[in-house]
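What follows is calculated from the coordinates using simple rules that are stated; it is not laboratory data. This one's a predicted model, so the numbers in the text were calculated from it and none came from an experiment. Ideal geometry is used to build each Cβ from the backbone, glycine not excepted, and the neighbour counts take in all protein chains shown.
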Amino acid sequence: MKIKEREVDGVTILEVSGKIMGGPDSELFNSTLKSLIHQGKSRVVVDLAKVTWVNSTGLGILISGYTTLKRNEGEMKLLNVSDRIESIFMVTKLHSVFETYKSEDEAVQSFATE
Amino acid sequence: MFLGVPDAVIQEVGSELPFSQSELDELSTSVIEACTNAIEHGNELREDVLTRVDLEFSSERFEVTVWDNGDGFDFEARDLGVMPNDLMQERGRGLYMMNAFCDEIDFLRENGNFGVKLTKIPKNSDDDAPDDDDQG
């Protein structure tokens, strides 16, 4: 897994690529979020457009990130969820937890309306 | 962990069989879960122990068996259709996902090895096939 970071209107976009499957991925994702929280950037959109697949351990990484940001008065939303990942969210009922968007503009603007 | 390998093989083989893309993704996701369990729990992350993946396929079914060197678990005591109580629990969804995504799931013990056999049967749906009317 790789992560590219950029900022749009005060919202951090994390462009994740590759596979989200645990081990070093967990450390990378957690340390990225902790660094953002430390900088006071707790409004995060995770762009999954370039993610090939997620396994159940990878789901745990996303859940952990979501919870970490919530605990720090922030929020994590998801962008460009593929059909393959969406079906995993549906079967595990996590679609009721994660807010997902198909356009970056909509995802960023959703923070402004809160 | 080379979990991308079974995924790539299933996608390639499956592209020659009458499965929809979503059916292949479901089987592949399940096999990745089985491999993760085999490597982490069955073989306890030991690099000197083999995790074996067997594929058997026809136009009627796609069977993948993942073997490890461990003792397995008491599968008769587990209700595979039950999700973790806590939706925000970070682990413990693997078997549930395999059971939900596959048509059949069987557990095997053979020559001191433990195997999980995952079977997908095509629904012969044309949902993912391109529609002739949409091809301009």
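Tell me the GluC sites (Glu not before Pro) within the stretch A:1-86 that lie in a loop according to DSSP and have at most 14 other beta-carbon atoms within 10 Å. Walk me through the numbers before you get to the answer.
On the way: sites: A:Glu5, A:Glu7, A:Glu15, A:Glu27, A:Glu73, A:Glu75, A:Glu86; in loops: A:Glu73.
Loop-located and lightly packed - A:Glu73.
Write out the GluC sites (Glu not before Pro) in the stretch B:5-114 meeting two conditions: DSSP loop, and at most 12 other Cβ atoms within 10 Å of their Cβ. It would help to have the intermediate numbers written out before the result.
Details: sites: B:Glu12, B:Glu16, B:Glu23, B:Glu26, B:Glu33, B:Glu40, B:Glu44, B:Glu47, B:Glu56, B:Glu60, B:Glu63, B:Glu76, B:Glu90, B:Glu104, B:Glu110; in loops: B:Glu16, B:Glu44, B:Glu47, B:Glu60, B:Glu90.
Listed in order of number, the matching sites are B:Glu16, B:Glu44, B:Glu47, B:Glu60.
Could you work out the relative contact order of the stretch B:4-123? I mean the mean sequence separation of Cα pairs under 8 Å and 6+ apart, divided by the number of residues, in percent. Don't skip to the end; give the middle numbers.
Numbers: 185 pairs, mean separation 35.2, N = 120.
Dividing the mean separation by the residue count of the stretch B:4-123 yields 29 percent.
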Fill in the blank from the handout: Of every Cα-Cα pair in the stretch B:23-73, the percentage lying beyond 13 Å is 59
Fill in the blank from the handout: Quick calc: nm separation of the 7 Å Cα→Cβ label points for A:His38 and B:Leu108 -> 5.0
Exercise for the section: Could you line up A:Ser35, A:Ser82, B:Ser30 from fewest to most neighbouring Cβ atoms inside 10 Å? Expected result: A:Ser35, A:Ser82, B:Ser30
Exercise for the section: Can you give me the three principal axis dimensions of the protein assembly as shown from its C-alpha atoms, in Å, biggest first? Expected result: 58, 52, 31
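State the antiparallel share, in %, of DSSP beta bridges confined to the protein assembly as shown, rounding to the nearest 5.
Values: 27 of 42 bridges.
Roughly 65 percent of the beta bridges in the protein assembly as shown run antiparallel, per DSSP.
Arrange the following residues from fewest to most other Cβ atoms within 10 Å of their Cβ: B:Met83, B:Met98. Let's see the in-between values first.
Numbers: B:Met83 15, B:Met98 24.
Ranking B:Met83, B:Met98 by Cβ neighbours within 10 Å, fewest first, gives B:Met83, B:Met98.
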Problem - Scattering curve values for chain A, log₁₀ I(q)/I(0), Debye with Cα scatterers, q = 0.10, 0.14, 0.20 Å⁻¹ - result: -0.24, -0.50, -1.09
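For the stretch B:4-123, go through all pairs of different Cα atoms, get the mean of 1/r, take its inverse, and jot down that Kirkwood value in Å. Please report the intermediate quantities before stating the final value.
Values: mean 1/r = 0.0678 Å⁻¹.
Value: 14.8 Å, from the Cα pair sum.
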Exercise for the section: With θ set to phi - 60°, apply the Karplus curve 6.51 cos²θ - 1.76 cosθ + 1.60 along the stretch A:54-64 and write out the HN-Hα couplings as whole Hz, x wherever there is a Gly or Pro. Expected result: 10, 9, 5, 5, x, 4, x, 5, 5, 4, 4
Exercise for the section: Take every DSSP beta bridge with both residues inside the stretch A:1-101 and express the antiparallel ones as a percent of the total, to the nearest 5. Expected result: 30
Completion exercise
For the table A:Lys19/A:Lys70; A:Lys93/B:Lys123; A:Lys34/B:Lys120; A:Lys70/B:Lys120, the rows whose alpha-carbon distance is greater than 32 Å are A:Lys34/B:Lys120; A:Lys70/B:Lys120
Practice task
Could you list A:Thr67, A:Thr32, A:Thr57 in order of exposure, starting from the residue whose Cβ has the fewest other Cβ atoms within 10 Å?
Solution key: A:Thr67, A:Thr32, A:Thr57
Practice task
Determine the relative contact order of chain A: mean sequence separation of Cα pairs under 8 Å and six or more apart, normalised by residue count, in whole percent.
Solution key: 26
Completion exercise
Reduced to Cα centres, the span from the stretch A:37-114 to the stretch B:5-30 in Å works out to 26
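How crowded by other chains is B:20-33, given as the mean number of beta carbons from other chains within 10 Å of each beta carbon? Please list the in-between numbers first.
Values: counts 0, 2, 4, 0, 1, 7, 4, 0, 2, 9, 1, 0, 8, 3.
Shielding by partners across B:20-33 averages 3.
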